[in-house]
Amino acid sequence: MDTKAFQSLDCLPGTLREAVINLLYRLADDELVIGHRNSEWTGHAPILEADIAFSSMAQDEMGHAQAYYQMLHQLGEADPDTLAFGRKPREFRCAALVCLPKGDWAFSVLRQFLYDAAETVRLTAFVESTLVPLAQLATKLRGEEKYHLMHGRSWVLKLGVGTEESRGRMQAALDVAYSCALGLFEPTEFDEPLAQAGIAPRESELRRQWESAVAPVLADAGLHVSEAAKPVYGGRVGRHPEALKQLLDQLQLVYNIDPTAKW
Amino acid sequence: MVSETQKRRNRTATRIVDCRLSIVDCRLDAGAAGGSSVANRKSPILRALESVTDPEIPVLSIVDMGMVAHVRIEREKIAVDITPTFVGCPAVGLIRESVAAALAAVGETDVTVNIVFDPPWTSDRITPAGREKLREFGVAPPGPRCGAGQLTEPTHVPCPFCGSLVTELESLFGPTLCRSIHYCHRCLQSFEHFKPV
Ligand SMILES: [Zn+2]
């Protein structure tokens, strides 16, 4: 493995530049879309603390998306606002998991847990990235992510061993969400160059780490992963559930009316 | 006779002084072409930065918070690097404007304020003086670093009002991104804790 460090985004040679741009779109779009989904609980969560938690996580994820979009901007892409508000659904590179509607509370907390576990695995790997700006950002984000994962894990355990109804709802949520969560690790043509340059591990490796991180928590919660769970792919190449279009219609509403509006 | 508490206070006071000196000595770098005029500008610049507060915790300056990563002075130009507490912190834009305004007020008008993630801000950067001000404000200061990757829940945080350790975590998320909510079983009230990150 070539372990030469890239001190800045400008140091990337042309081939890797394209790979890093693709990676950053995947990271940023996942964060933006799940951030928006979390914000849909603001004012609607079952208890006040849950409301504050999802609103806080929404704010965190939006902030993370902005930081990744800023890196994209440094690599010559449009400015962060244009990237978030000015792109069509097929230009987004997010996984199906984050696109799905918020569903019931069980679905939202379970989705969030699966997502945060994946993000933690990714960020932990990025701390060692040869791409120094990514390693620095990951070091920072990991400290924040820790609280999301603690929150998600405690809800999964609480509802998994709660009442018959809560357990049933959690299992139903897992049956839908698990396949989509596997889609977070959709392989791309950029896996090899990124891994060989030491910028990011292969998606298959991240998936393996994620599975061993979530399995014990799901087992403790009494939830079962279906043997038949097959990854839902397509998000990383711009094929998304219809739900993404509806989400973006809402997220981009003001920008579409007046791109120069200040609010 | 000096009590134990008083001795502890004195030791804290010494650390505060040391810490401030280190800010002046290490974090204010004068450019090569600076000379004595740069040296004369150092303390007004530092005082100006100390007048900028975090709008979400108005008793703490950005210097107390450890958010001033670096100040570079080169002739009339000043570059200030601010390392934000949380990446999604909505106060960053305001802090950036306030830094420029505070420096302008002491005659420094050629100012660039950069938002950086290197060094990453962690709660370890809050100065001893900052921790004391947090406690007086009623927010329990962060404990020693938990390690960003570890799932150690902030339980048994000392109550900022009575010091009791018989407290429990009520909510990991609070009124701002940087605070969690706890309950003290001794003085029977909720309090906020600045999260260790
Ligand atoms: Zn108390």
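The values are calculated or read from the model by the stated rules, or taken from the named source; none is laboratory data. All figures in this text were calculated on a predicted structure; none of them were measured in a lab. Cβ: placed from backbone, ideal geometry, glycine included. Neighbour counts: every protein chain shown.
Laid out as a table, the results:
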quantity	calculated
Some residue of the range A:98-111 being in contact (Cβ under 8 Å) with a residue 24 or more places away in the chain, touching a helix residue (DSSP H, G or I) at 6+ places or on another chain (Cβ under 6 Å) and under 30 Å from residue A:6 (Cα atoms)	no
Residues located in the range B:154-180, provided they are facing another protein chain (nearest Cβ under 10 Å), over 20 Å from the mean Cα position of the chain (by Cα) and within 16 Å of the ligand (Cβ to nearest atom)	B:169, B:170
Hits in the range B:140-153 (condition: away from the ligand (no atom under 13 Å from the Cβ), at pLDDT 85 or above and either buried (at least 21 other Cβ atoms within 10 Å of the Cβ) or of a type in the set (Val, Ile, Thr) (or both))	B:142
Residue A:182 modelled with pLDDT of 90 or more and over 15 Å from the mean Cα position of the chain (by Cα)	no
Neighbours by Cβ (under 7 Å, 6+ apart or cross-chain): first from the range A:184-196, surrounded by fewer than 21 Cβ atoms within 10 Å (Cβ to Cβ); second hydrophobic (A, V, I, L, M, F, W, C) and part of a helix (DSSP H, G or I)	A:193/A:16; A:193/A:19
Helices (runs of 4 or more DSSP H) completely within the range A:110-226 that count 2 or more residues being among the β-branched types (Val, Ile, Thr)	A:132-160, A:203-220
Any chance residue B:190 is within 12 Å of another protein chain (Cβ to nearest Cβ), more than 20 Å from residue A:143 (Cα to Cα) and modelled with pLDDT of 90 or more	yes
Of the criteria (1) facing chain A (nearest Cβ under 10 Å); (2) within 16 Å of the ligand (Cβ to nearest atom), which one residue B:120 fails	(2)
Failed criterion for residue A:94 (all others in (1) among the hydrophobic types (A, V, I, L, M, F, W, C); (2) under 18 Å from the mean Cα position of the chain (by Cα); (3) in a helix (DSSP H, G or I) hold)	(3)
Identity of the residue in the range A:89-108, surrounded by fewer than 24 Cβ atoms within 10 Å (Cβ to Cβ) and among the hydrophobic types (A, V, I, L, M, F, W, C), that ends up farthest from residue A:211 (Cα to Cα)	A:105
Residue in the range A:60-67 that is away from chain B (no Cβ under 14 Å) and either closer than 22 Å to residue A:170 by Cα or of a type in the set (A, V, I, L, M, F, W, C) (or both) present	no
Which listed residue is of a type in the set (D, E, K, R) and either over 24 Å from residue A:217 (Cβ atoms) or modelled with pLDDT under 95 (or both), from A:122, A:87, A:111	A:87
Residues satisfying the stated conditions in the range B:83-101, i.e. buried (at least 22 other Cβ atoms within 10 Å of the Cβ) and either among the small types (Gly, Ala, Ser) or modelled with pLDDT of 95 or more (or both)	B:88, B:99
Subset of the range A:67-81 that is touching a residue at least 24 places away in the same chain (Cβ under 8 Å) and in a helix (DSSP H, G or I) - its residue that is farthest from residue A:115 (Cα to Cα)	A:74
Count - residues of the range A:126-160 that are within 7 Å of chain B (Cβ to nearest Cβ) and among the small types (Gly, Ala, Ser)	1
Number of positions in the range B:182-195 that are within 16 Å of the ligand (Cβ to nearest atom) and closer than 15 Å to residue A:148 by Cα	0
